[in-house]
Every structure is written in C-alpha cells, then in structure tokens.
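Nothing in this text is a laboratory measurement; each read-out follows from the coordinates by a stated rule. These numbers come from a predicted model, not from an experiment. Here the Cβ is made from the backbone with ideal geometry for all residues, glycine too, and neighbour counts use every protein chain on show.
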Amino acid sequence: MMDRILIIDDEPQVLAGLRRAIGQHFDIDAVSCAGDALRRLTDGERYAAIVSDLSMTEIDGVALLERARQVAPSIPRILLTGHGDRSALMAAINRAGVTAFLQKPTPPSELLQVLQRAIRESAIALQ
C-alpha cells in the first residue's frame, strides 16, 4: 500500500504536474481549496505528508499548515513557493512546524526525496 499525500494548490496545472511527478510513488489526494483540505484532515483522513502552496487566493499557505498542525500534528508539512521570501520561511517553520520549504518549480526527484525523508523521520519520531 502506498503512502497517501495531501497536496493543496489553487493552480490546477501545478496539481496536475505534481500528480504526474510523484503519483507513481504515492497515492495523491490533490485539492485546490484550503477548506477541502482542512475538512479532510478534521474528518480523520490519514496522510503520510501534506504539501501546500504558500500563495493561494483563499488562504495563506503558512496559515493553512498552521491549522493542519493543530488538527494533525504528527503529519509532516512541506511548503512550496514561487517566491524566495525568507520571512515566510521563518513564519512557516515557527508557526506551522514546516518540515521543508521548496521553491517552485521543484524538480520531481527533489520533491520525492524530501517527501520520503519527511515520512521516514516522522515514522521514527512516532516510535
């Protein structure tokens, strides 16, 4: 059984690209709405990791991951951004407990490595 990953991004082409890039390694649950993502987490959906965009029209990615941390604290959270904003990085680490911060476009191999490492480290921490 493949690990399940929740990906949140309000750009359909990014979601499609991420699904193509890592879909052979993970079961991908891609959503474009922060409300849908939070609903899935509060409804008890099980994920090995969460990947979120930083800039979305509905909600800031750091705020989304901060809420995800409250609902599902043990799930690794990875933030994607098209900006090199250091203050957003620090806010994400401090408020949302972000595991990794990746620039868009991220090479699929790098995202895959980051996800695998985050899931492995999370499993070790839970033991």
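Per-residue ellipticity at 222 nm from helix content only, as computed over the chain with -39500 (n - 2.57) for each DSSP H run of at least four residues, stands at -15000 deg cm²/dmol.
Rounded to the nearest whole Hz, the Karplus-based 3J(HN,Hα) values (6.51 cos²θ - 1.76 cosθ + 1.60, θ = phi - 60°) of the range 49-56 follow the sequence 6, 10, 10, 10, 6, 6, 9, 10, with x at glycine and proline.
Couplings for the range 90-98, taken from phi via the Karplus curve 6.51 cos²θ - 1.76 cosθ + 1.60 with θ = phi - 60°, read 5, 4, 5, 5, 6, 8, 10, x, 5 Hz in order; Gly and Pro are left as x.
Rounded to the nearest 0.05, what FRET efficiency do GLN103 and ARG46 have when you use their Cβ-Cβ distance and R0 = 22 Å? Approximately 0.20, to the nearest 0.05. Straightening the chain between GLN113 and MET90 buys 6.1 nm, computed as 0.36 nm per residue apart minus the Cα-Cα spacing.
Each of MET2 and HIS25 was given a label point 7 Å from its Cα along the Cα-to-Cβ line. The distance between the two points is 1.2 nm.
For the chain, averaging the sequence separation of C-alpha pairs within contact (under 8 Å, six or more residues apart) and dividing by the residue count gives a relative contact order of 22 percent. For the chain, the residue among VAL62, LEU115, GLY82 whose Cα projects farthest onto the positive side of the dipole built from Cβ charges is LEU115.
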